[in-house]
Ligand SMILES: [Zn+2]
């Protein structure tokens, strides 16, 4: 299913997917944050680091929550570096529209980089549960 359609349904139902992440999709977690494969990946093995508290901006988080996120960013980078020469970290700060956020819950993208990596203007797919479980199992075994 295409991501845009899913996003519309999330907005219509006032549903935050990051506040309702299923444990089986979590690769690693600590008290305040978790890592999961991106459900609408830019490229293969794209990971997200997400705080457990529903917040739009970093200013809404306490120091220990920001540290927990950073610890998991480092863990995610370590996982991806087993297979990729580089990792791009992405984060959008600001309000939903201005920052062009798609989900109103802050998150960091960890995007593995290859030598040539084209992912702009690609129509993103939304993984179903079976595909996402496969991603979790695959990445756990990196
Ligand atoms: Zn949320």
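Just so it is clear, none of the values below were taken in a lab; they were calculated from the coordinates. What you see is a predicted model, and the numbers here were worked out from it, not measured in a lab. All Cβ positions, even for glycine, are placed from backbone atoms using ideal geometry, and neighbour counts span all protein chains on display.
State which residue is farthest from residue 129 (Cα to Cα) when the search covers only the range 1-19 and only residues that are out of contact with any helix residue (DSSP H, G or I) (no Cβ under 7 Å at 6 or more places or on another chain) and within 11 Å of the ligand (Cβ to nearest atom).
Per the stated criteria, the residue is 14.
Name every residue in the range 41-52 that is more than 16 Å from the ligand (Cβ to nearest atom) and either loosely packed, with under 12 Cβ neighbours inside 10 Å or in a loop (DSSP other than H, G, I, E, B) (or both), in order of residue number.
41, 42, 43, 44, 45, 46
Which one is nearest to residue 102 (Cα to Cα) among residues in the range 58-78 that are away from the ligand (no atom under 14 Å from the Cβ) and in contact with a helix residue (DSSP H, G or I) (Cβ under 8 Å, 6 or more places away or on another chain)?
Across the range 58-78, the extreme among qualifying residues is 58.
Please go through the range 62-85 and pick out each residue that is part of a loop (DSSP other than H, G, I, E, B) and in contact (Cβ under 8 Å) with a residue 12 or more places away in the chain.
Residues satisfying the conditions are 82, 83, 84, 85.
What about residue 91, is it within 16 Å of the ligand (Cβ to nearest atom) and either farther than 17 Å from residue 139 by Cβ or loosely packed, with under 14 Cβ neighbours inside 10 Å (or both)?
For residue 91, the condition - within 16 Å of the ligand (Cβ to nearest atom) and either farther than 17 Å from residue 139 by Cβ or loosely packed, with under 14 Cβ neighbours inside 10 Å (or both) - is met.
Does residue 55 satisfy the condition of being assigned to a loop (DSSP other than H, G, I, E, B), touching a helix residue (DSSP H, G or I) at 6+ places or on another chain (Cβ under 9 Å) and over 23 Å from residue 139 (Cα atoms)?
So residue 55 passes the test.
Can you tell me how many residues in the range 20-34 are assigned to a loop (DSSP other than H, G, I, E, B) and more than 16 Å from the ligand (Cβ to nearest atom)?
Matching residues across the range 20-34 total 3.
Filter the range 1-19 down to the residues that are closer than 23 Å to residue 97 by Cβ and outside any helix (DSSP H, G or I), then identify the one that is farthest from the chain's Cα centre (by Cα).
Only one residue tops the list, namely 13.
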